[in-house]
Amino acid sequence: MQVIDGKKVAEEVLQEVAQEINALKSQGITPGLAVVLVGEDPASQVYVNSKARKCAELGMHSEKIVLSADTSQEELLKVIEQLNNNPAIHGILVQSPPPKHIDEAAVVLTIDPAKDVDGFHPENVAKLVLEDETGFVPCTPLGCMRLLKSAGIDTCGANAVVIGRSMIVGKPMAHLLMAKDANATVTVAHSRTKNLADLCKGADIIVAAIGRPNFVTADFVKDGAVVVDVGINRVEDATAPRGYRIVGDVDYANVAPKCKAITPVPGGVGPMTIALLMANTVKACKQQNNIR
Ligand code: NAD
């Protein structure tokens with residue numbers, strides 16, 4: 001059984017990104033990412049800070065824009081429009097979830113698709129479906145594909161089951177797996193799917209993006225399957241320093257022994273997301289400067 005080391009693969013991605021940044025800087029161009037946070041959600045603050053820190057480590061320009069929780073929709077859209085017009089900024093990300101009075105769809109529509117490094121704008125969603133490589137793909141499924149590739153998993157003709165149909169993970173993951181450079185046969189399962197365990201039992205590859213701790217148990221998994229666990233769930237643990245620990249959507253202890261390869265949580269998909277965000281920002285910078 002192969003444990004796919006997400007930290008190691010994320011480091012590889014970041015090294016590639018650093019090389020590209022150095023090449024851009026030698027031409028007088030510094031990639032820039034703006035991260036917008038509305039409100040004081042502590043988890044979001046942690047995410048936003050780690051993104052800004054990663055930019056700094058790589059020598060990228062970053063702007064962290066923190067707006068108060070009572071910021072109006074209009075004010076937020078104005079900030080995004082300013083960033084759209086700011087030539088020092090190549091990627092824009094609005095941290096989810098925004099406060100309830102903000103219409104997230106309107107926010108996504110306002111971001112210039114050329115700077116939409118999260119890949120949520122309808123133009124980028126269409127480009128994913130069209131397999132147009134100039135588009136931006138959400139970072140987490142992009143990271144999952146890179147993990148499969150670096151683990152040497154052959155997706156061609158494989159039966160893949162993606163559990164979850166969100167716009168951020170499940171749907172883009174399904175598209176990436178069925179695209180012509182991956183060639184998997186994909187089934188997308190969701191909360192209304194019947195006989196999920198039986199469905200998964202026929203899968204060569206299972207991608208779990210549900211948001212429920214230990215949901216995928218050993219009886220879902222055939223011997224020799226590949227399992228990618230996207231889940232990040234807090235479970236109470238009195239023995240852990242913070243009183244909780246992070247687990248995935250897969251019952252790792254019982255599933256791993258059956259697998260050909262599996263991603264752990266933490267240390268699997270998680271570190272990939274931020275690495276691919278940096279990669280998407282560099283891609284956006286190159287495209288905006290007409291560099292191939
Ligand atoms: P979501 O809540 O938007 O979607 C969950 C999906 O699971 C839904 O499509 C739903 O239909 C499906 N689902 C729910 N109950 C089900 C059931 N009983 N059987 C089958 N399907 C069921 O969540 P999301 O944003 O896609 O995130 C999923 C998980 O991935 C979460 O744990 C989240 O924290 C994690 N996540 C991790 C990263 C990362 O960087 N590693 C990034 C994004 C999300």
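The values are calculated or read from the model by the stated rules, or taken from the named source; none is laboratory data. It should be emphasised that the depicted structure is a prediction, and the values quoted were computed from it without experimental measurement. Here the Cβ positions follow ideal geometry from the backbone for every residue, glycine too, while neighbour counts run over all protein chains shown. Note: accessible area is taken over every heavy atom of the protein model, side chains too, but ligands, DNA and RNA are not part of it. Shrake-Rupley method; radii C 1.70, N 1.55, O 1.52, S 1.80 Å.
Filter segment 1-44 down to residues that are open to solvent by less than 70 Å² (accessible area, probe 1.4 Å), without any contact (Cβ under 8 Å) to a residue 12 or more places away in the chain and farther than 17 Å from His90 by Cβ, then give me how many there are.
1
So which residues in segment 188-246 are within 10 Å of the ligand (Cβ to nearest atom), in contact (Cβ under 8 Å) with a residue 12 or more places away in the chain and open to solvent by 70 Å² or more (accessible area, probe 1.4 Å)?
Arg212, Ile232, Arg234
Can you tell me which residue is farthest from the ligand (Cβ to nearest atom) among those in segment 247-278 that are farther than 22 Å from Pro138 by Cβ and part of a loop (DSSP other than H, G, I, E, B)?
Filtering first and then ranking leaves Lys260.
Taking segment 158-187 as the search range and keeping residues that are near the ligand (Cβ under 8 Å from one of its atoms), assigned to a loop (DSSP other than H, G, I, E, B) and not aliphatic (A, V, I, L, M), which one is nearest to Val216 (Cα to Cα)?
Taking the candidates together, the pick is Gly164.
Can you confirm whether Ala197 is assigned to a loop (DSSP other than H, G, I, E, B) and of a type in the set (A, V, I, L, M, F, W, C)?
No: the conditions fail for Ala197.
Before we move on, is Val125 closer than 30 Å to Ser72 by Cα, within 16 Å of the ligand (Cβ to nearest atom) and surrounded by fewer than 22 Cβ atoms within 10 Å (Cβ to Cβ)?
no
Before we move on, is Thr155 surrounded by 22 or more Cβ atoms within 10 Å (Cβ to Cβ), of a type in the set (Ser, Thr, Tyr) and either part of a loop (DSSP other than H, G, I, E, B) or over 18 Å from the mean Cα position of the chain (by Cα) (or both)?
In short, yes.
Assess whether Ala160 counts as being open to solvent by less than 40 Å² (accessible area, probe 1.4 Å) and in contact with a strand residue (DSSP E or B) (Cβ under 6 Å, 6 or more places away or on another chain).
For Ala160, the condition - open to solvent by less than 40 Å² (accessible area, probe 1.4 Å) and in contact with a strand residue (DSSP E or B) (Cβ under 6 Å, 6 or more places away or on another chain) - is met.
Could you grab me the full set of residues in segment 54-71 that are exposed (fewer than 12 other Cβ atoms within 10 Å of the Cβ) and either over 26 Å from Met272 (Cβ atoms) or not small (Gly, Ala, Ser) (or both)?
Glu57, Ser68, Asp70
Would you check which residues across segment 40-89 are of a type in the set (Ser, Thr, Tyr), at pLDDT 95 or above and closer than 19 Å to Lys100 by Cα and list them?
Ser68, Thr71, Ser72
Would you tally the residues in segment 119-145 being out of contact with any Leu (no Cβ under 7 Å at 6 or more places or on another chain) and either over 27 Å from Ser191 (Cβ atoms) or assigned to a helix (DSSP H, G or I) (or both)?
16
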